[in-house]
Amino acid sequence: MLYQIYETQRSLMEPFADFAQAAAKLYSNPLSPLGQSQISQRISATYDLIYRLGKDYEKPSFGIQSVPVDGVDVAIHERVEIDKPFCELRRFKRFCDDAATLNKLKEQPVVLIVAPLSGHYATLLRDTVKTMLTGHKVYITDWKNARLVPLTHGEFHLDDYVNYVQEFIRHLQATYGHCHVMSVCQPTVPVLAAVSLMASRGEQTPLSMTMMGGPIDATRSPTAVNNLAMNKSFSWFENNVIYRVPSNFPGAGRRVYPGFLQHTGFVAMNPDRHLKSHYDYFKDLIKGDNSSAESHRQFYDEYNAVLDMDADYYLETIQTVFQEFKLVKGTWEVRNPEGELELVRPQDITRTALLTVEGELDDISGSGQTEAAHSLCTGIVRREHHHLEAKGAGHYGIFSGRRWREVVYPHVRAFILEHEGKTTKPAKAAVKPKRIAAKKASVAAKPARKTAARRRA
């Protein structure tokens, strides 16, 4: 019922938001009589803020048109490589007329970026993708809004997430001969499970795994997010945050964790900060500071755009990752596409290098939660274990913004290049990961080794 009430309220508010947008333009237009008053700018700013607070935020686009590669602008074309009921494997194909640059693009590593399915769209990683495109062939998991998926496509479980990741990895391996995988936040757990299962079956695994700010072991340094999941029962989540999609969407009747509830939770974590941000936006509009105002719009266009998650996937994630800690306890069984249960054994991974990245000030994934992957992947040789703590970086800072571009990315790039075309031999035991200093803004990357399997940019 709550979802229906929310949709009714949103529908009623939509005309008022449209009116506020029109009024803001009317009072800010220098050719309009209403724009000649001394208080016109203030009135326009008020209406603009009302519009921003009341509008419906749709899924943003990545909007990456080009990236610089060694001083040459390379055009970017998005296309869907694989279309699954709940996810698209999206490729960012690079085009260039310069022969030398094109040859360089063909030699660069291919990376699968697994985006979080935890409220926001994959476009939250826009900066991650754009930066990675300067030195890699990039694919990303673009998760669909569950309310737009008809019931005829069935349910979506955490097991399906793991199976999707495996399918995408196999696709890239079949295309290029090998690949690297990077997971940001929530997907660190299912990605580790996916690679572990592939290793247990004797399949080819990615050359490297980069895991950034994820809850591998949520018992370490629990955050407010972790505590909520730990202190509330499974039935509480099922009875309080799960609702049916209203009839005006393609996924009508599907049980979901609605995006508007997730957004409410996001805002409730730091209400004062959001209030100040909106007030600063109001003042910027009055002052005519269009640059600061546009930065605010860009951030909240992304932050306020949320998606619904299938109920089964969400509840199973809560139970598996944050309540029963099945991954670290070694009790997690995943159902494969054939319906068989397989035990997740990270210790079976032997030929994949591991880099974990944490932010010093991360208040979503606590200190040590991602680094815990090293203690699980005991089959990886010692020299292939690496850990980076980004000083002064919060959760979003490790994959977006200046610290990501200047501190984290150079290490990620060097790590991937070091293991391009390289395989490792199994070891009996792994030890403490090699810690990488995060003080320098750049790292001299080792040149990539050429392999016959590389065919595309």
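Taken together, the values in this text are just the output of simple stated rules run on the coordinates, not laboratory data. Keep in mind it's a predicted model, so treat the numbers as computed, not measured. Because the Cβ atoms are built from the backbone with ideal geometry, glycine has one as well, and the counts that use them run over all protein chains shown.
Would you please give the FRET efficiency between LYS434 and GLN4, computed as 1/(1 + (r/R0)^6) with r the Cβ-Cβ distance and R0 = 60 Å, to the nearest 0.05?
Result of the calculation: an efficiency of 0.65.
Is there a pair in LYS391/LYS434; LYS326/LYS391; LYS25/LYS283 whose C-alpha atoms are over 19 Å apart, and which pairs would that be?
Details: LYS391/LYS434 17 Å; LYS326/LYS391 30 Å; LYS25/LYS283 17 Å.
Violating the 19 Å Cα-Cα cut-off are LYS326/LYS391.
Straight-line reach only, C-alpha to C-alpha below 16 angstrom: list the aspartates and glutamates that LYS106 could link to, leaving out same-chain residues fewer than 8 apart.
Reachable aspartates and glutamates: ASP70, ASP73, ASP97, ASP98, GLU420.
Could you give the length gained by full extension between LYS232 and LEU341, i.e. 0.36 nm per residue of separation minus their alpha carbon distance, to one decimal place?
Working: separation 109, 0.36 × 109 = 39.24 nm, distance 2.78 nm.
Answer, rounded to one decimal: 36.5 nm.
Aspartates and glutamates within cross-link reach of LYS55: Cα-Cα under 17 Å, excluding same-chain residues under 8 positions apart?
Once the sequence-local aspartates and glutamates are set aside, what remains near LYS55 is GLU7, GLU14, ASP18, GLU294, ASP301, GLU302.
Nearest 5 is fine: what % of DSSP beta bridges in the chain come out antiparallel, could you say?
Details: 27 of 53 bridges.
If I count the DSSP bridges inside the chain, around 50 percent turn out antiparallel.
For the range 294-311, what does the Karplus curve 6.51 cos²θ - 1.76 cosθ + 1.60, with θ = phi - 60°, yield as ³J(HN,Hα) per residue in whole Hz, taken in order and with x for Gly and Pro?
With the stated coefficients, the range 294-311 comes to 5, 4, 4, 4, 4, 5, 6, 4, 7, 5, 7, 8, 10, 10, 7, 10, 4, 4 Hz.
Can you find, among ILE364, TYR27, HIS178, the residue sitting farthest towards the positive end of the charge dipole of the chain, where Lys and Arg contribute +1 and Asp and Glu -1 at Cβ?
HIS178
Using the Karplus equation 6.51 cos²θ - 1.76 cosθ + 1.60 (θ = phi - 60°), what ³J(HN,Hα) coupling, rounded to whole Hz, does each residue of the range 339-356 give in order, writing x for Gly and Pro?
Result, rounded to whole Hz: x, 8, 7, 10, 6, 7, 10, x, 5, 7, 6, 10, 10, 10, 6, 10, 10, 10.
Let me have the 222 nm mean residue ellipticity of the chain computed from DSSP H runs of 4+ only, each contributing -39500 (n - 2.57), with the sum over all residues rounded to the nearest 500.
Numbers: 15 runs with 173 residues, N = 457.
Rounded to the nearest 500, it is -11500 deg cm²/dmol.
Order the peptides 12-18, 307-313 from the highest to the lowest mean number of other Cβ atoms within 10 Å of their residues. Don't jump to the answer; show the numbers that get you there.
Details: 12-18: 12.7, 307-313: 23.6.
Result, highest mean first: 307-313, 12-18.
Put a dot 7 Å past each Cα toward the Cβ at GLN41 and LEU102; how far apart are the dots in nm?
Each label point is offset 7 Å from its Cα along the Cβ direction, giving 5.2 nm.
Taking the 0 to 90 degree range and rounding to the nearest ten, how far is the long axis of helix 259-269 tilted relative to the main principal axis of the chain, both from C-alpha atoms?
90 degrees
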